[in-house]
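Note sheet for the following structure.
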Amino acid sequence: MSWSNRLTLRHQCTEGAKGKRQVELAVIPSGAIRYTLNGANPKEGTVYEKPFSIGPEDTTVYCYAEADGISSSRNFAGVMVSMVCFGLAVLPMGRYVLLADRLVWLPYRGVPVELPLSTLEADGVTLTRRNAGISIRARTTLSLPVVTSPVQLATLLLLYREGPLKGVDGPPSGTVVILPGWCTRAGPDVEGVTLLYSAGVCFLPKGAAPAVLQRLASTRLEVPISEAFLLEQLTRLPTEALGPVLSQASQVPGGLYARAEDVTADPGARSAQKLRLRLMGALLEIPIGSVDYEALRTLFPWTQDTSRHVP
């Protein structure tokens with residue numbers, strides 16, 4: 001029997017007793033694994049039979065796997081557990097489910113771990129491995145060197161821990177539309193993202209999302225998220241709670257928020273397939289592209305008030 005594809009190594013690092021960490025290795029579909037911790041050639045290293053312990057310091061694990069004579073080399077850098085893997089690719093060791101009150105980690109092998117969000121420590125979320133992994137300090141510490149969407153997970157954990165989504169488990173806001181936009185004040189146009197909802201409009205300039213998240217979640221962690229993703233998560237709030245949070249979010253340089261009654265609209269911009277809104281002394285232009293213009297006017301009547309024409 002021979003393998004037509006490369007062997008794939010999975011690894012997981014979990015917290016153990018007395019500051020130690022447990023490293024688990026697995027090769028898919030199957031094969032023999034050897035490893036070293038001192039930089040020596042892992043092809044002549046220790047045969048892997050069961051999870052092994054390492055200390056709290058950064059450690060490089062050199063791994064080698066072989067099946068039916070198939071082998072090659074490739075290097076992977078890491079933080080919590082740096083791994084140099086020969087002939088292997090590194091994949092996540094499980095998946096997570098985030099609920100309103102807890103995070104559930106479901107490893108492909110082993111026992112599920114539940115972390116109540118109420119036990120999450122201040123500054124207990126850290127992105128690792130160049131934002132490819134995440135470390136979460138709560139009732140227990142969960143270190144995931146490789147995990148799907150760690151940046152998005154970090155964002156949601158911060159929003160649910162002490163941010164505006166804490167305790168939110170009810171119906172989300174009504175119809176919301178998130179589109180790109182350009183804001184003009186005294187200077188040049190500023191590119192960003194616009195959120196329209198029944199009670200008003202919010203504009204965040206491009207690159208502002210990390211600072212907005214820091215403000216909303218009272219954290220020092222800088223998470224490289226997009227404005228559209230952050231605004232989308234905030235729409236989980238009920239409509240009556242969304243306005244105050246958007247107002248707080250807009251308190252960054254270049255941000256804007258206005259209630260519907262404080263916005264004037266230019267219906268003549270329809271031919272250019274864009275909305276032109278004036279708010280807080282600024283002009284906001286929103287290309288609507290393939291979005292149905294009449295549907296927007298129906299959803300948000302304040303965008304079609306012809307008695308308040310923008311010159």
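Read-outs throughout are calculated quantities, based only on the coordinates presented, and are distinct from any laboratory measurement. Here the structure is a predicted model, which is why all the values come from computation and not from measurement. Note that we place each Cβ from the backbone using ideal geometry, even for glycine, and neighbour counts take in every protein chain shown.
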Please report GLU114, GLU285, GLU49 as a ranked list, fewest other C-beta atoms within 10 angstrom at the top and most at the bottom.
GLU49, GLU114, GLU285
Which of SER198, SER250 has the fewest Cβ neighbours within 10 Å, and the rest in rising order
SER198, SER250
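To the nearest 0.05, what FRET efficiency results for LEU37 and SER218 with a Förster distance of 41 Å applied to their C-beta separation?
On the way: r = 39 Å, r/R0 = 0.96.
Rounded to the nearest 0.05, the efficiency is 0.55.
Sort ARG10, ARG95 by Cβ crowding within 10 Å, fewest neighbours at the top. Could you put the intermediate results ahead of the total?
On the way: ARG10 20, ARG95 12.
Ordered from fewest to most neighbouring Cβ atoms within 10 Å, ARG10, ARG95 come out as ARG95, ARG10.
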What length, rounded to one decimal in nm, is gained on full extension from VAL151 through to ASP189, with 0.36 nm per residue of separation minus their alpha-carbon distance?
10.8 nm
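Find the relative contact order for region 171-234 and round it to a whole percent, using C-alpha pairs within less than 8 Å whose residues are 6+ positions apart. If you can, show how the numbers build up before the last one.
On the way: 87 pairs, mean separation 16.1, N = 64.
Answer for region 171-234 is 25 percent.
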Take the cross-link list LYS18/LYS50; LYS20/LYS166; LYS50/LYS166 and give me the ones stretching past 31 Å between alpha-carbons.
LYS20/LYS166; LYS50/LYS166
Working note, region 102-162: Cα radius of gyration (Å, one decimal) and Dmax (Å, whole number) are 10.8, 32
Each label sits 7 Å from Cα toward the beta-carbon; between THR46 and GLN22 the label points are separated, in nm, by 1.6 nm
Zone reached by a paramagnetic label modelled 7 Å from SER118 Cα along Cα→Cβ, restricted to region 147-186 with backbone N below 20 Å, covers 157-170
Under the 7 Å Cα-to-Cβ spin-label approximation, VAL168 and ASP101 lie apart by a distance in nanometres of 1.9 nm
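Please report the orientation-averaged projected area of region 208-300, defined via the convex hull of its C-alpha atoms, in nm². Before the final figure, lay out each step's value.
On the way: hull surface 27.9 nm².
If I average the Cα hull's projected area over directions, I get 7.0 nm².
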